[in-house]
Amino acid sequence: MAAMDSRGSRIAALRYSLDLDPRARWAGRVLSVHRSALNVSVGDGLLVVAGARGGALPGSIIVADDFDPIVAGVRTGMLARLDRDLWVGSAVAISLAAARPWSPTLPVIRAGRDIGRRLAVLGGALSRQGTSGFAGLASGAAELAAFSTAAGGDVTAIAREGDRLVGLGAGLTPAGDDLLVGFSAAFTAYGHPAARPLAGRWAEQAATATTVVATAYHRHAAAGRYAERLHDLLAAILGGPPDGISAAVERACRFGATSGVDLVTGVELGLRAARNAQVERAA
Amino acid sequence: MTTTVRGSIHRNSYRDSVELMGIAAELEKLPGIKRAGLVMATPANLGVLEQAGMQAAAADVKGPGDLVVAVQADSDSAAEAALGRAADLLAAGAGNAGDGEAAGIVAPQTLREGLAALPDANLALISTSGTYATAEALRALKAGLNVFLFSDNVSVEDERELKELAARRGLLVMGPDCGTAIVGGVPLGFANAVRSGPIGLAAASGTGLQQVTCLIDRYGSGVSHALGTGGRDLDVRIGGLTMLAAVERLLADPSTSVVVLISKPPDATVSARVLEAIRGAGKPVVVNFLGGEPDAVRAVGAHPAATFEAAARRAVELAGAGGSAPDGGGEPGDSAAQVAAGAARLAAGQSEIRGLFSGGSLAGEAKLIIKSIVGPDRHDRIIDLGDDEYTVGRPHPMIDPRLRYEMIVATAAEPTVGVVLLDVVLGYAAHPDPAGALAPAVEEARAVARAAGREILFVASVCGTEGDPQGLAAQEQVLRAAGVVLAPSNARAAELAARLVTAVEPATAMVAG
């Protein structure tokens with residue numbers, strides 16, 4: 001593909017998420033622009049264009065790592081349209097012609113007998129990671145403590161305490177939403193029957209209780225769709241060699257500013273809750 | 001004490017959590033501020049504000065997409081000042097400039113915004129990744145700007161297209177992969193602080209340009225402009241487009257009375273085209289095409305120079321006006337007796353030179369000179385540590401000397417190496433104290449060699465001026481104190497290294513039995 005175009009930067013997409021239909025035609029507006037990603041609001045949904053380093057996402061088009069929409073001149077409010085290629089104002093044109101599809105649907109991963117040891121490694125690795133989005137004014141200490149306690153109990157308590165985390169915390173995707181998505185991912189990968197109902201409940205709340213971006217991730221979770229980094233993390237924790245868990249945690253925590261740490265915190269809580277439920281059923 | 005709560009609402013302002021927490025922390029340091037928070041206006045976060053007694057800050061919220069800046073202060077004026085500061089910081093944040101309520105400083109993020117802030121600009125310096133560099137350079141040219149293209153990974157086809165467009169528009173593209181230039185006295189990229197004067201240069205060689213301009217300064221003359229063309233400009237596929245354009249400009253420039261052209265070995269056809277362009281030039285032109293044919297240069301009435309030092313000397317002589325290059329020699333280690341004394345410190349068989357360079361052109365010049373003195377059948381390794389092989393995943397050695405440090409120490413363990421040859425490059429954007437960073441490596445290497453019963457000699461030149469941030473004299477003093485033998489130029493350092501090893505006794509063969 002030509003590196004330049006009189007209309008602006010022209011690049012090739014590497015992958016696209018299967019929940020997108022590349023043959024569709026639609027128009028939307030740029031919602032937010034970041035150093036290596038941009039969010040486009042389409043109807044009541046969200047399209048993300050991101051560099052490959054962070055991995056694929058549901059509802060995303062993935063491009064090369066050096067993608068910098070700010071340098072390319074993308075601004076919030078610009079018109080974006082999908083018509084074979086994705087055009088973002090006059091700044092960027094992204095071709096989907098050679099992009100490979102990627103499935104965001106998270107499969108069930110059978111946990112081995114050593115799940116207890118694996119969870120211990122996960123906890124240790126997480127404790128060494130960076131900042132959570134539960135900080136400053138919206139530290140959420142009480143809500144987080146209540147949810148952690150509820151995670152050791154029944155699904156009703158988890159649902160109720162999870163409600164209080166929707167929209168709580170700093171950032172574009174508030175920390176509470178990141179944690180709940182991580183929790184749902186863990187339940188899904190473990191095969192817990194309440195995974196979809198819980199995610200669906202929080203997605204319904206999210207529509208009026210949190211940001212557009214966080215709502216989109218809740219809706220994907222309700223449909224069993226998660227970011228590639230969560231796929232990789234859960235595969236490493238549940239099915240990979242135990243000595244690879246710490247590195248997988250570190251990689252996942254690097255995502256976003258604080259979102260990675262909060263997602264992995266949710267994963268840990270979800271796996272422990274799912275394991276406890278399995279133990280109780282077996283007893 | 002009274003407490004007041006104030007807030008501001010920023011619609012559709014999406015920032016990451018670390019940025020928001022950072023701004024809150026900065027606001028809390030302001031005088032009179034008790035508490036500050038920046039949160040998205042979700043019901044949960046509004047509940048947090050209520051628990052903190054700051055719900056009044058969110059009175060005008062319309063939905064969870066709004067960003068609330070909430071401050072609790074001991075006066076209205078303190079609160080207002082904090083909200084103003086928050087607005088400035090949010091506006092200065094990258095990318096989301098769509099917030100109509102933000103006030104204050106907006107740093108330009110694109111060429112268009114930069115031109116709006118500086119409408120009389122005539123040069124764009126572009127340093128983005130290769131994918132976007134071409135598009136940005138195109139935009140700049142179409143906006144009527146000359147381009148200094150620091151970025152690499154631009155394709156040959158794109159380079160050709162950019163330079164042809166520039167030629168049609170009467171503009172200059174310096175690059176791609178152009179690291180050094182001085183335009184009207186303004187240094188760009190890895191340049192040095194040199195005196196202004198009558199000598200104009202055009203170079204397809206970054207450290208070559210630095211070496212020649214620094215020596216011109218040392219010899220008492222100065223530089224009008226030093227234009228970089230990018231390392232590939234004299235390749236047959238580009239055809240010397242920028243070199244030809246630069247020559248035209250320098251010949252027409254009233255502040256330039258002598259022109260110097262510098263390149264690594266150019267393509268023969270392109271070299272001939274450039275020489276034809278200076279035939280009958282109204283000003284003296286010095287041509288330093290490494291490995292080039294001096295007769296071809298003389299045939300067009302220009303002055304050939306085989307080394308960067310020779311180019312600087314000749315240019316200063318031709319410029320006259322008070323500058324004068326000192327005679328050759330004058331540095332310790334140059335006389336035959338001193339070379340012999342140095343070689344005597346080396347053991348039989350320590351006849352190899354290991355060159356560890358941060359400048360590609362300086363490495364290239366050293367290789368040619370060493371080969372001309374010691375012959376082709378050698379095991380010397382002259383390494384350009386700025387080559388892609390050594391810079392994947394790490395900064396350039398001119399900025400980060402750590403790899404060179406390791407290689408210097410490792411070389412001391414090689415029994416056949418007698419001389420380590422170095423370049424030390426000063427100037428803007430270079431390491432703040434390259435000599436200070438290398439001296440411990442030299443000392444450690446010498447200790448390693450001594451422990452094995454050997455000496456190892458270090459020979460170097462410092463490419464820089466007194467006006468550079470690091471200071472030429474101070475850097476030379478540090479190196480001398482570490483036992484490095486200094487030469488006044490890269491060419492002389494290479495000559496000295498070659499003479500030292502040729503004076504070393506060869507190793508005697510081991511006899512079996």
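The values are calculated or read from the model by the stated rules, or taken from the named source; none is laboratory data. Small disclaimer: the values here were computed from a predicted structure and weren't measured. Methodologically, a virtual Cβ is constructed for each residue, glycine included, from the backbone with ideal geometry; neighbour enumeration extends over all protein chains shown. Just so you know, the surface numbers come from the protein's heavy atoms only, side chains and all, with ligands and any DNA or RNA stripped out. Shrake-Rupley method; radii C 1.70, N 1.55, O 1.52, S 1.80 Å.
Work out how much length A:ASP21 to A:GLN278 would gain on full extension: take 0.36 nm times their residue separation and subtract the Cα-Cα distance, in nm to one decimal.
Taking A:ASP21 through A:GLN278 to full extension adds about 88.7 nm, to one decimal.
If you roll a 1.4 Å probe over the heavy atoms of the protein chains, what accessible area per residue do you get for the stretch B:199-301, in Å²?
Working: 3360 Å² over 103 residues.
Ligands and nucleic acids excluded, the figure is 33 Å² per residue.
Subtracting the Cα-Cα distance from 0.36 nm times the residue separation, let me have the gained length for A:ARG53 to A:ALA223 in nm, one decimal.
Answer, rounded to one decimal: 58.7 nm.
At 0.36 nm per residue, minus the direct Cα-Cα distance, what do B:GLU157 and B:ARG381 gain on full extension? Give it in nm, one decimal, please.
Gain on extension, B:GLU157 to B:ARG381, equals 77.3 nm.
Roughly what % of DSSP beta bridges within chain B run antiparallel, to the nearest 5?
The antiparallel fraction comes to roughly 30 percent.
Starting from the Cα coordinates of the stretch B:368-513, work out the convex hull volume and express it per residue in Å³.
Output value, Cα hull per residue: 133 Å³.
Just to be sure I understand: if you take the accessible area of chain A alone plus chain B alone and subtract the pair, with a 1.4 Å probe, what total do you get in Å², rounded to 100?
Roughly 3400 Å² of accessible surface disappears when A and B pair.
Treat the protein assembly as shown as a sphere of radius equal to its Kirkwood radius over Cα pairs and apply Stokes-Einstein at 4 °C in a medium of 1.567 mPa s; give the translational diffusion coefficient in µm²/s, rounded to a whole number.
So the translational diffusion coefficient is about 43 µm²/s.
List residues of the stretch B:242-265, by number, whose backbone nitrogen lies under 16 Å from a label position 7 Å along Cα→C-beta of B:SER196.
Hits in the stretch B:242-265 for B:SER196 at 16 Å: B:253-257.
So for B:ARG298, B:ARG112, what's the accessible-area order with a 1.4 Å probe, most first?
Final ranking, largest accessible area leading: B:ARG112, B:ARG298.
What value, in deg cm²/dmol to 500, does the helix sum -39500 (n - 2.57) over DSSP H runs of n ≥ 4 give at 222 nm once divided by the residues of the protein assembly as shown? Could you put the intermediate results ahead of the total?
Numbers: 28 runs with 328 residues, N = 796.
For the protein assembly as shown, the value works out to -12500 deg cm²/dmol.
Over chain A, with the other protein chains present, what is the accessible area per residue in square angstrom, probe 1.4 angstrom?
39 Å²
Within chain B, what whole-number % of the accessible surface is contributed by carbon and sulfur, with the 1.4 Å probe and all protein chains included in the calculation?
C and S fraction of accessible area: 54 percent.
Looking at the calculated P(r) for the stretch B:420-481, what percent of the C-alpha pair distances fall above 18 Å?
Working: 681 of 1891 pairs.
Of the Cα pairs, 36 percent sit more than 18 Å apart.
Please pull out the direction-averaged projected area of the stretch B:4-77, using the convex hull of its alpha-carbon atoms, in nm² to one decimal place. Intermediate values should be presented prior to the final figure.
Details: hull surface 17.8 nm².
In nm², the orientation-averaged hull projection of the stretch B:4-77 is 4.4.
What is the distance, in nm, between label points placed 7 Å from the Cα along the Cα-to-Cβ direction at B:GLU466 and at A:ALA98?
Between B:GLU466 and A:ALA98, the simple spin-label model gives 5.7 nm.
Run the numbers on the stretch B:130-175: which residues show a drop of 50 Å² or more in accessible area, chain on its own versus all protein chains together, using a 1.4 Å probe over heavy atoms?
Residues shielded by partner chains are B:THR131, B:TYR132, B:ARG139.
Other chains' Cβ within 10 Å of B:44-51 residues: what's the mean?
Mean inter-chain Cβ contacts per residue within 10 Å come to 6.
Could you give the distance between the Cα centres of the stretch A:102-171 and the stretch B:333-384, to the whole Å?
Each part's Cα centre sits 63 Å from the other's.
Given all pairs of different Cα atoms, what value in angstroms does the Kirkwood hydrodynamic radius of chain B take?
26.2 Å
Can you work out the PRE-style zone for B:THR269? Point 7 Å along Cα to Cβ, and I want the residues of the stretch B:139-177 with backbone N under 11 Å.
Of the residues in the stretch B:139-177, none has backbone N under 11 Å from the label point off B:THR269.
Show me, bin by bin at 10 Å from 0, the whole-percent P(r) of the stretch A:1-93 based on Cα pairs.
Answer for the stretch A:1-93: a P(r) of 17, 57, 25, 0 percent.
Compare each residue of the stretch A:232-279 in its chain alone against the assembly with all protein chains, and report those whose accessible area goes down by 10 Å² or more; 1.4 Å probe, heavy atoms.
A:ALA257, A:THR258
Taking the Cα centroid of the stretch B:6-50 and of the stretch B:241-303, what is the distance between the two, rounded to the nearest whole Å?
That distance is 62 Å.
In the stretch A:121-168, which residues become less accessible by 40 Å² or more once every protein chain is in place, relative to the chain on its own, using a 1.4 Å probe?
For the stretch A:121-168, once contacts with the other chains are taken into account, A:LEU137 lose 40 Å² or more.
Carbon and sulfur: what percent of the stretch A:1-92's accessible surface (1.4 Å probe)?
Working: 1900 of 3740 Å².
Percent of accessible area from carbon and sulfur atoms in the stretch A:1-92: 51.
Output the Kirkwood hydrodynamic radius of the stretch B:202-360, Cα pairs only, in Å rounded to one decimal.
After inverting the pairwise mean of 1/r, the radius is 17.0 Å.
Taking R0 as 45 Å, what FRET efficiency do you get between A:ALA207 and B:GLU28 from their Cβ-Cβ distance, rounded to the nearest 0.05? Don't skip to the answer; put the middle values down first.
Working: r = 33 Å, r/R0 = 0.74.
The calculated FRET efficiency here is 0.85.
If you take every DSSP beta bridge whose two residues both sit in the protein assembly as shown, what share of them, in percent to the nearest 5, is antiparallel? Could you put the intermediate results ahead of the total?
On the way: 47 of 101 bridges.
Bridges in the protein assembly as shown are about 45 percent antiparallel.
Over the stretch B:112-189, give the accessible area per residue in Å² for a 1.4 Å probe, as an integer.
44 Å²
At R0 = 45 Å, how high is the FRET efficiency between A:ALA145 and B:LEU118 if r is their beta carbon distance? Nearest 0.05 is fine.
That pair, A:ALA145 with B:LEU118, gives E of 0.25.
Okay, which of the stretch B:1-45 sit inside 15 Å, backbone N to the point 7 Å along the Cα-Cβ direction of B:ALA59?
Output list for this probe position: B:4-9.
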